[in-house]
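Engineer: If you scroll down you'll find the structure; I have some questions about it.
The values are calculated or read from the model by the stated rules, or taken from the named source; none is laboratory data. Nothing here was measured: the structure is a model prediction, and the numbers come from that model. FYI the Cβ positions are ideal-geometry reconstructions off the backbone, even for glycines, and counts take in every protein chain you see. Heads up: the accessible areas ignore ligands, DNA and RNA and are worked out on the full protein's heavy atoms, side chains in. Shrake-Rupley method; radii C 1.70, N 1.55, O 1.52, S 1.80 Å.
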Amino acid sequence: MYHQVGKFKRPDSHRATFCHVRRFNAQMAYLRSFGYRVLSLSAALEGLFGGGYLPRHTVVLTFDDGYQNFRDYAFPALVRYRFPATVFLVAGLLGKNARWLEDDDRFGAPLMDRATIRELRTYGVAFGSHSLTHPLLTQIDRSRQEKEIRDSKSLLEDVLGEEVKYFCYPSGDYDDGLVGIVKEAGYAAALTCDRGSATRSDDPLILPRKAVSFGDSLIGFFWKLHMKHQKKLQEKITG
Ligand SMILES: [Zn+2]
């Protein structure tokens, strides 16, 4: 799980939502050099839940929020290595600033506009919904929850001209009611910020991920891929 990729000074907080482009390039080179299978989200889901085969060391690259810096800094590396990726868009804020960040002292970074999104789609970048306005979904009433989840899907389907199958809970905030709405809205899978590797025993509508953080060197990256958060249950027990 990535958020912003670009040229940043060390952030004071929210380090798991920033990745310096230098490190990002090194991480992609690492995945290529050591033979990881970087699959699209849909191919990995087919391998996990569709009775398909999933090779060892499979990685899926996801980018939350749909920042313009995905286009400027992450996408060139993805093209270089021909790695597929899925970007989760805040459907009601395309071409605007990440307004929700300004509330918690983070920079209101620009989000990709429709033309950029359509251009990236022609290069194979996949897109999912990350709601309309990036609220904490458990904190709003049911009718707004439905609007955020359903209307973002139809709005993005209009932009992209294809079905939008995947949802990503803003700030990883979800509960049973929200999972039900996501299912009813017709999404095939949804991603959380729960830390861990996705396995066949996971609910496809509550999939865990691993956050690559600003401070992760290649050793840290390796550690996260292979060691950290491997056992979700154990993590819950130990806090
Ligand atoms: Zn987000």
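Engineer: Condition check: modelled with pLDDT of 95 or more, in a strand (DSSP E or B) and within 15 Å of the ligand (Cβ to nearest atom). Does LEU132 satisfy that?
Structural biologist: no
Engineer: Which members of segment 158-184 meet the condition of being open to solvent by less than 20 Å² (accessible area, probe 1.4 Å) and not β-branched (Val, Ile, Thr)?
Structural biologist: Selection gives PHE167, CYS168, TYR169, PRO170, GLY172, LEU178.
Engineer: Would you point out the residue of segment 135-150, among those that are open to solvent by 60 Å² or more (accessible area, probe 1.4 Å), part of a helix (DSSP H, G or I) and not hydroxyl-bearing (Ser, Thr, Tyr), that is farthest from PRO110 (Cα to Cα)?
Structural biologist: Here the answer is ARG142.
Engineer: Further question on the same structure: Please go through segment 41-57 and give me each residue that is at pLDDT 95 or above and touching a helix residue (DSSP H, G or I) at 6+ places or on another chain (Cβ under 9 Å), ordered by number.
Structural biologist: Listed by number, the list is empty, since nothing qualifies.
Engineer: Follow-up. Would segment 196-205 turn up any residue that is farther than 21 Å from GLU46 by Cα, open to solvent by 20 Å² or more (accessible area, probe 1.4 Å) and at pLDDT 95 or above?
Structural biologist: There is no residue in segment 196-205 that is farther than 21 Å from GLU46 by Cα, open to solvent by 20 Å² or more (accessible area, probe 1.4 Å) and at pLDDT 95 or above.
Engineer: Any chance segment 10-18 includes a residue that's small (Gly, Ala, Ser), touching a residue at least 12 places away in the same chain (Cβ under 8 Å) and surrounded by fewer than 18 Cβ atoms within 10 Å (Cβ to Cβ)? Steps first, please.
Structural biologist: Let us first name the residues in segment 10-18 that are small (Gly, Ala, Ser), namely 13, 16.
Retained after the next criterion (residues that are touching a residue at least 12 places away in the same chain (Cβ under 8 Å)): 13, 16.
In the following step, the residues that additionally are surrounded by fewer than 18 Cβ atoms within 10 Å (Cβ to Cβ) were identified as 13.
Yes, some residue in segment 10-18 is small (Gly, Ala, Ser), touching a residue at least 12 places away in the same chain (Cβ under 8 Å) and surrounded by fewer than 18 Cβ atoms within 10 Å (Cβ to Cβ).
Engineer: Can you name every residue in segment 45-93 that is within 15 Å of the ligand (Cβ to nearest atom), more than 16 Å from VAL5 (Cβ to Cβ) and open to solvent by less than 20 Å² (accessible area, probe 1.4 Å)?
Structural biologist: Residues satisfying the conditions are VAL90, ALA91, LEU93.
Engineer: What number of residues in segment 203-220 are in a loop (DSSP other than H, G, I, E, B) and under 22 Å from LEU31 (Cβ atoms)?
Structural biologist: Matching residues across segment 203-220 total 8.
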